Each structure stands twice: as structure tokens, then as C-alpha cells.
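Q: Take a look at the following structure, please.
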Amino acid sequence: DIRTKMVAYHEWNEISRAVELCLKIKKGMSIALVTDAGTPCISDPGFRIVREAQKQNLMVRTIPGTSAVISALSVSGLPSDHFFFEGFLPKKKGRKTRFEFLQNQDASIVLYESPHRILKTLKDIQDYLGNRFVSLSRELTKKFEEVETKTVLELIQKYEGKKAKGEFVIIISK
């Protein structure tokens, strides 16, 4: 029973429609991405709208949902059609083995990390997986929400000179 004007967005018009919707946001309109099943951007072309909005420095927010994994994945701008949830990596013993396992995943990889280990984990991602695109999300749906999607080297540079705060969801592009 939605009375707001809706537009179709699907895999056949996703690129042109993403640009069009971002132009509307720049003109002051608010846009909501909804789906008829599941969470927007999860196995859904919506991630392309999010990525386009990020390229244009537009704010993208998520509404509280099932978990931080799904919320972070939906605003990451990274492929979400296949993802592997690893959770927290071992602090020491078994860490190298887990990264070697993750090297072979043909999917975006989702990790949780504490602010005390975020820099170490970013460096490990660089060492084991290369300079992939990574999305860091923290404080989702809260006052100090932050989502950044950059190369892992750019994020390493940022956190080498900055004290991290809050728990992180890390998404590593396939």
C-alpha cells in the first residue's frame, strides 16, 4: 500500500537508472530502495545504485535489519550476489590458515573486527589477498555511522594515522 511514486529498477536498466536516481538525490529528493522480497542489495542489482551514490559522494543509509552483516553488505557497493561470512578471524593461532582458505573464495568475504586489530587485519588482507576493494562499516544505524569503500591500501594509510573506534564489519571484494 505504498502511495509514493515508484520506479522499476532491475538488471535490464540498473546502470542508467542508478545514474538517474542519483541525479534526483542531488536535486534534493530522498530515495528509498525497497524490494519485494528479502533485503535490498543482497542478491539484487541494488548494489549498483549504492556504488553510484558513493561515487557521487551521496549519503547512503541502511535501516536496521537482520544483522550487521546484511546491513553492511547492502551499503558496501560491492558485489553481494555471493558472499562468504567468516566472522571474527583467530587472533593468532590459525589466522594464516584462515587467510589461505579465504584466498580461494570466489565471493565477497565478510569479517568482523575490533578497533584494536583493524590495522593488522587490513595489512593481512593486503598480504594474503592483494589490494582489493574493501568496505569498512562501523556504528551502523547509530549517530556516528561510517561506511567507506576503498582499496585496502587507502584504508591502511588512513588507519595508520588514526585511532579506530567501534566494531567493524569488513567486506572484501571478490
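Q: Share of the chain's accessible area from carbon and sulfur, percent, 1.4 Å?
A: The value for the chain is 53 percent carbon and sulfur by accessible area.
Q: Which loop chymotrypsin sites (Phe, Trp or Tyr not before Pro) in the range 115-174, with loop taken from DSSP, have no more than 13 other Cβ atoms within 10 angstrom of their Cβ?
A: On the way: sites: 128, 133, 144, 159, 168; in loops: 144.
Filter output for the range 115-174: 144.
Q: Now a separate question. Run lengths n ≥ 4 of DSSP H only: what is the helix-derived mean residue ellipticity at 222 nm for the chain, with -39500 (n - 2.57) per run over all residues, to the nearest 500? Don't skip to the answer; put the middle values down first.
A: On the way: 6 runs with 58 residues, N = 174.
Theoretical 222 nm ellipticity from helices: -9500 deg cm²/dmol.
Q: Which value, in Å³ per residue, describes the convex hull spanned by the Cα atoms of the range 59-174?
A: Numbers: hull volume 11.1 nm³, N = 116.
For the range 59-174, the hull spanned by Cα atoms encloses 96 Å³ per residue.
Q: If I build a Gaussian network model for the chain, linking alpha-carbon pairs within less than 10 angstrom, which residue out of 27, 55, 120 has the largest mean-square fluctuation?
A: Result for the chain, Cα springs under 10 Å: 27 fluctuates most.
Q: Please work out how much length the chain gains when fully extended from residue 174 to residue 82, using 0.36 nm per residue of separation minus the C-alpha to C-alpha distance, in nm with one decimal. Please list the in-between numbers first.
A: Numbers: separation 92, 0.36 × 92 = 33.12 nm, distance 0.91 nm.
Contour length minus Cα-Cα distance gives 32.2 nm.
Q: At residue 105 and residue 93, where each label point lies 7 Å from the Cα along Cα→Cβ, what is the point-to-point distance in nanometres?
A: 2.3 nm
Q: Efficiency by 1/(1 + (r/R0)^6): what FRET value for residue 1 and residue 29, r their Cβ-Cβ distance, R0 = 22 Å, to the nearest 0.05? Could you put the intermediate results ahead of the total?
A: Details: r = 21 Å, r/R0 = 0.97.
Step by step, r from the Cβ atoms, then E = 0.55.
Q: A follow-up question, please. Can you list the HN-Hα couplings for the range 123-137, worked out from phi with the Karplus curve (6.51, -1.76, 1.60; θ = phi - 60°), rounded to whole Hz and with x for Gly and Pro?
A: Running phi through 6.51 cos²θ - 1.76 cosθ + 1.60 with θ = phi - 60° gives 5, 5, 4, 4, 5, 8, 10, x, 7, 7, 6, 9, 10, 10, 10 Hz.
Q: Per residue, how much accessible area does the chain show when a 1.4 Å probe rolls over the protein heavy atoms, in square angstrom? Display every interim value, and only then the final one.
A: Values: 10350 Å² over 174 residues.
For the chain, the per-residue accessible area is 59 Å².
Q: Taking the alpha-carbon distance from residue 165 and a cut-off under 18 Å, which lysines remain once sequence neighbours fewer than 8 residues away in the same chain are dropped?
A: List returned: 120, 123, 142, 143.
Q: Kindly list the residues of the range 16-35 that lie in the label zone of residue 59, defined by a backbone N under 15 Å from the point 7 Å along the Cα-to-C-beta vector.
A: 25-32
The values are calculated or read from the model by the stated rules, or taken from the named source; none is laboratory data. The structure displayed is predicted, hence computed values, not measured ones. We place every Cβ from the backbone using ideal geometry, glycine too, and count neighbours over all the protein chains shown. These area figures cover heavy atoms from the full protein model, side chains too; ligands, DNA and RNA do not enter into them. Shrake-Rupley method; radii C 1.70, N 1.55, O 1.52, S 1.80 Å.
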